[in-house]
Amino acid sequence: MLKHRRALTWVVALACIAGAVVALFDIETPLRPFLISLFLLVVPGAAVVGLLRDRDPLAALSVGAAASLVLNVLLAQAMLLFGAWSPRAGVATVAVLGGFMYVLRVLYRGKSMQTQQGAR
């Protein structure tokens, strides 16, 4: 079961990377809407779920899905409000925010590991 889960994780990750590349380099492909939508929905949600990995898995998935939708809607509203609508900028912003949340996760993991080692 673990092998299938890991393979599915890699497939989704590669599809998200492909979605970002397709959007940023304006590549025309029939899979473009699917790949970009997958990127915009999965990346923020996965980043939030990674931050909540110590919580109940179902609650973390629910919060991750909600956070993904909220982030995308707020980003679209802000871009429309300021007259700066650009799909490329939206994808780049989601990628930067997802990377920032990943850095927070890594820093949090290092801090919690040091705390656990100090307690022993």
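The values are calculated or read from the model by the stated rules, or taken from the named source; none is laboratory data. Predicted, not measured: the structure shown is a model, and the values here were computed from it. Please note: Cβ atoms are built from the backbone with ideal geometry, for glycine as well, and neighbour counts cover all protein chains shown.
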Residue check, Ala65 at pLDDT 90 or above, surrounded by 15 or more Cβ atoms within 10 Å (Cβ to Cβ) and under 23 Å from Cys16 (Cβ atoms): yes
Selected residue (only one of Ser86, Ser37 is hydroxyl-bearing (Ser, Thr, Tyr), at pLDDT below 95 and surrounded by 11 or more Cβ atoms within 10 Å (Cβ to Cβ)): Ser37
Meets criteria (within 17 Å of Tyr102 (Cβ to Cβ), outside any loop (DSSP other than H, G, I, E, B) and either free of Cβ contacts under 8 Å to residues at least 40 places away in the same chain or basic (Lys, Arg) (or both)) for Leu71: yes
Some residue of segment 43-53 being surrounded by 15 or more Cβ atoms within 10 Å (Cβ to Cβ), free of Cβ contacts under 8 Å to residues at least 60 places away in the same chain and within 14 Å of Ala92 (Cα to Cα): yes
Filter result (in a helix (DSSP H, G or I) and either among the β-branched types (Val, Ile, Thr) or in contact with a strand residue (DSSP E or B) (Cβ under 6 Å, 6 or more places away or on another chain) (or both)) within segment 15-53: Ile17, Val21, Val22, Ile36, Val42, Val43, Val48, Val49
